[in-house]
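Before any comments, here is the structure.
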Amino acid sequence: MKKGLLLLLILAVALTLTACGCKHENTEVQGVVEATCTQEGYTGNTVCVDCDEVVKEGEAIPMLAHTETVEGALEATCTLDGYTGDTVCSVCGAVLSEGEIVPATGHGETELVNDREPTCEREGYTGDELCTLCNTYVSVGEPIEKLPHTPGEPQNAVEATCTQEGYTGNIYCAVCGEWLENGEDIPRVPHTLENVTGAREASCTREGYTGTGTCSVCGEVVEGETSPRLEHTMVDGVCSVCGWEEPGLYVDGELEMAWDELAAGGYIELGDDGATLKGVHEGLYGRLVVSEAVTAYGNVAFNGSQLEEIWSPCTVPETNGAFGGARELKTVRFFGDLQELNYACFRNCEKLESVVIPDSVRTIPDQCFAGCAALTSVTLPANLEIIDTDAFSGTASLAHLDFPETLTEIGGGAFSGSGLVEAVLPASVEEIGMNAFRNCPSLVRLDLSQTAVTSMYDPCGDLPALTELLLPHGLESGDGVLPYVAQVEALTIPEGVTEFSIGGNASFYPNEALKSVVWPVSLKDASGFDAAVALETIYYRGSELEWSLIDFGSLAERFAGVNVVFDYEGE
């Protein structure tokens, strides 16, 4: 309809122009309409400017096509639906077509986040699952328990030694360093002993002892430990191991009265505690076996008794003066480790014949066997160190003794009046007292050569049978060394002696036996030989010049008649 109206208008304009006779030389286009996507366009009419006549009508221009664009499109995710979007003209905004819903895709791949390993300090976590598409947590993790601590090497550990306790050290976690537990003390390790002495097995007569030794690690001297004494193995009243018999009084080998009977009858006197034997009845005779219930003797406990033999139990550690004055006593037998013989403990036991002294005894004390005229056999302890003053004085029947290598000291008068025939002293002897070997009528040989004695003063005297005297090899000074009553013809004085006297003097106590002397260069004074009235030869270890420098004093004339062999190198 619109097109029709437009044509009519154009026709009317053309008729007007024709009618007016205008040539329409000056024209313009009017009524131009641009075509859009919502309306047609029009090229416009050509109109004479002069007469306004439509010279030429325009033409309709078809509507333009819409300019399509998609709006509202939404990409589908794993949790939300998407949308294809509406088709809309970008010029006029008209919705040309509606879009469609795109279903959600669902979660795709996931990754583990926030996970962590457990340690001994904190819990762990399994981690959350996170969708890699939507960055949404798909699942939540769970906690993982803390790990146990990892104990590390002990700290502050101290190794145990034989001088100090050790320590295992404190334990800390090797990962986090947290304290876990304290260490423990470690007992000292045993000493590593060497040069062990005194070790012994326990027996029925003595306790055992592990021995005393020196630790090779720390140098400490370690005392041993004791173990209990064993029980006797009694068979028919006699111990099959040590020979111990049932305590009591024996006559001709038969048990006449048991110990309890002796006590009940008042034949033995015990202390209030029953452990000290204070005395025995003077009428008792035969052999007395003292009970092991006794642990001590009273002083002179056996004085005046008629007992011929006494068995002393291992329970009595020392003798006191118990045996002194037991004039019929012939034998004493000690069981076990007697620790100490006391002063004069056997003095004047006139019929005592034999004694075995246990090795545990270290000292034969003053006057221990003084006056024991019948004593013929004494076994000295293997560990003996000292024979004290007058210990064996008056033992006229004692002809021989074996001296142990542990002996260090012989006291004054120790063997005065003894019956020794020969005495050979060991290298361990360091001291010999005055008159130690005085008035021994049977002593033929006295060998002191191996001893460590350096000085002596009158060690001998009145030895009428002495023919050989060997002096200590390390002697430095000796006064009155050779008794004037002796038969020693030859004497060797060791090199190193600076002072020496043979004893006696020419006026009152001349020595008429000594014929020769081996003289050391170190002895430069001859005055000590005043009593040597029979001296014939001197074997001098030095030169003639050195001999001429000796101080002879008042003895010069006598020595002028002695034959001197110079530069002597013999024994």
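The values are calculated or read from the model by the stated rules, or taken from the named source; none is laboratory data. Just so we're clear, the structure is a prediction, and the values are computed from it rather than from any experiment. All Cβ positions, glycine included, derive from the backbone under ideal geometry; neighbour counts span all protein chains shown. Accessible surface is based on the protein model in full, side chains and every heavy atom, while ligands, DNA and RNA are left aside. Shrake-Rupley method; radii C 1.70, N 1.55, O 1.52, S 1.80 Å.
Quick one: in the stretch 481-494, of everything that is crowded, with 16+ Cβ neighbours inside 10 Å and either within 23 Å of I550 (Cβ to Cβ) or basic (K, R) (or both), which residue is nearest to the chain's Cα centre (by Cα)?
This residue is P494.
Answer yes or no as to whether E159 is among the charged types (D, E, K, R) and within 24 Å of the chain's Cα centre (by Cα).
The answer is yes for E159.
So in the stretch 113-132, with the set limited to residues that are in contact with a Pro (Cβ under 9 Å, 6 or more places away or on another chain) and not charged (D, E, K, R), which one is most open to solvent (accessible area, probe 1.4 Å)?
T126
Could you grab me the full set of residues in the stretch 400-425 that are more than 16 Å from C372 (Cβ to Cβ) and open to solvent by 10 Å² or more (accessible area, probe 1.4 Å)?
D402, F403, P404, E405, T406, T408, E409, G412, V421, E422, V424
Looking for something over 26 Å from D260 (Cβ atoms) and of a type outside the set (S, T, N, Q) - is there at least one such residue anywhere in the stretch 294-312?
No, the stretch 294-312 contains no residue that is over 26 Å from D260 (Cβ atoms) and of a type outside the set (S, T, N, Q).
Could you check S305 against (1) at pLDDT 95 or above; (2) open to solvent by less than 40 Å² (accessible area, probe 1.4 Å); (3) of a type outside the set (D, E) and say which number it fails?
(1)
Looking only at residues in the stretch 96-112 that are closer than 14 Å to V138 by Cβ and loosely packed, with under 13 Cβ neighbours inside 10 Å, which one is modelled with the lowest pLDDT?
G108
Being more than 18 Å from F334 (Cα to Cα), in a strand (DSSP E or B) and open to solvent by less than 30 Å² (accessible area, probe 1.4 Å) is the filter here; which residues of the stretch 265-278 pass it?
Selection gives I268 alone.
Inspect all residues belonging to the stretch 244-264 and state whether any of them is under 17 Å from A202 (Cα atoms) and surrounded by 13 or more Cβ atoms within 10 Å (Cβ to Cβ).
yes
Quick one: count up the residues across the stretch 368-399 that are crowded, with 18+ Cβ neighbours inside 10 Å, under 46 Å from the mean Cα position of the chain (by Cα) and either aromatic (F, W, Y) or in a loop (DSSP other than H, G, I, E, B) (or both).
So the answer is 7.
For a quick check of your reading of the model, give me the residue pairs whose first member lies in the stretch 469-488 and is under 19 Å from S428 (Cα atoms) and in contact (Cβ under 8 Å) with a residue 12 or more places away in the chain, whose second is surrounded by fewer than 19 Cβ atoms within 10 Å (Cβ to Cβ) and of a type in the set (A, V, I, L, M, F, W, C), with beta-carbon atoms closer than 7 Å and at least 6 apart or on different chains.
Here the result reads G474/A452, each pair linking the stretch 469-488 to a residue that is surrounded by fewer than 19 Cβ atoms within 10 Å (Cβ to Cβ) and of a type in the set (A, V, I, L, M, F, W, C).
Being in contact with a Gly (Cβ under 6 Å, 6 or more places away or on another chain) and open to solvent by 50 Å² or more (accessible area, probe 1.4 Å) is the requirement here; does A344 meet it?
no
For the stretch 114-161, which positions are farther than 15 Å from E178 by Cβ, part of a strand (DSSP E or B) and not polar (S, T, N, Q)?
R116, G124, Y125, D128, E129, L130, C131, Y137, V138, P143, I144, V158
Show the residue pairs meeting these rules: Cβ distance below 6 Å; 6+ apart or different chains; first residue within the stretch 420-441 and at pLDDT below 95; second residue part of a loop (DSSP other than H, G, I, E, B) and surrounded by fewer than 17 Cβ atoms within 10 Å (Cβ to Cβ).
If the second residue must be part of a loop (DSSP other than H, G, I, E, B) and surrounded by fewer than 17 Cβ atoms within 10 Å (Cβ to Cβ), no pairs are left.
How many residues does the stretch 90-106 contain that are among the acidic types (D, E) and part of a strand (DSSP E or B)?
Looking only at that region, the number is 0.
What is the one condition in (1) farther than 30 Å from T136 by Cβ; (2) surrounded by fewer than 17 Cβ atoms within 10 Å (Cβ to Cβ); (3) modelled with pLDDT of 85 or more that V55 does not satisfy?
With (1) farther than 30 Å from T136 by Cβ; (2) surrounded by fewer than 17 Cβ atoms within 10 Å (Cβ to Cβ); (3) modelled with pLDDT of 85 or more applied to V55, the lone miss is (2).
Filter the stretch 37-52 down to residues that are over 24 Å from K23 (Cβ atoms) and touching an Asp or Glu at 6+ places or on another chain (Cβ under 8 Å) and give me whichever is least open to solvent (accessible area, probe 1.4 Å).
If we take residues in the stretch 37-52 being over 24 Å from K23 (Cβ atoms) and touching an Asp or Glu at 6+ places or on another chain (Cβ under 8 Å), then G41 is least open to solvent (accessible area, probe 1.4 Å).
Please verify whether L523 is in a loop (DSSP other than H, G, I, E, B), of a type in the set (A, V, I, L, M) and surrounded by 20 or more Cβ atoms within 10 Å (Cβ to Cβ), treating the condition exactly as stated.
yes
Do you know which residues across the stretch 199-213 are surrounded by fewer than 18 Cβ atoms within 10 Å (Cβ to Cβ), of a type outside the set (S, T, N, Q) and not in a strand (DSSP E or B)?
Selection gives A199, E201, A202, E207, G211.
Name the single residue that is farthest from S501 (Cα to Cα) among those in the stretch 434-480 being open to solvent by 20 Å² or more (accessible area, probe 1.4 Å) and assigned to a strand (DSSP E or B).
Filtering first and then ranking leaves R445.
Considering only residues that are outside any loop (DSSP other than H, G, I, E, B) and either open to solvent by 50 Å² or more (accessible area, probe 1.4 Å) or in contact with a Gly (Cβ under 7 Å, 6 or more places away or on another chain) (or both), look in the stretch 526-541 and name the one that is modelled with the lowest pLDDT.
Going through the qualifying residues, I end up with S527.
Take the stretch 222-243 and flag every residue that is open to solvent by 90 Å² or more (accessible area, probe 1.4 Å) and either of a type in the set (D, E, K, R) or over 20 Å from E207 (Cα atoms) (or both).
E223, E225, E231, D236
Output the residues belonging to the stretch 288-316 that are assigned to a loop (DSSP other than H, G, I, E, B) and of a type in the set (V, I, T).
V290, V294, T295, V300, T315, V316
For the stretch 71-94, what are the residues that are of a type in the set (V, I, T) and open to solvent by 90 Å² or more (accessible area, probe 1.4 Å)?
Answer for the stretch 71-94, where residues must be of a type in the set (V, I, T) and open to solvent by 90 Å² or more (accessible area, probe 1.4 Å): just V91.
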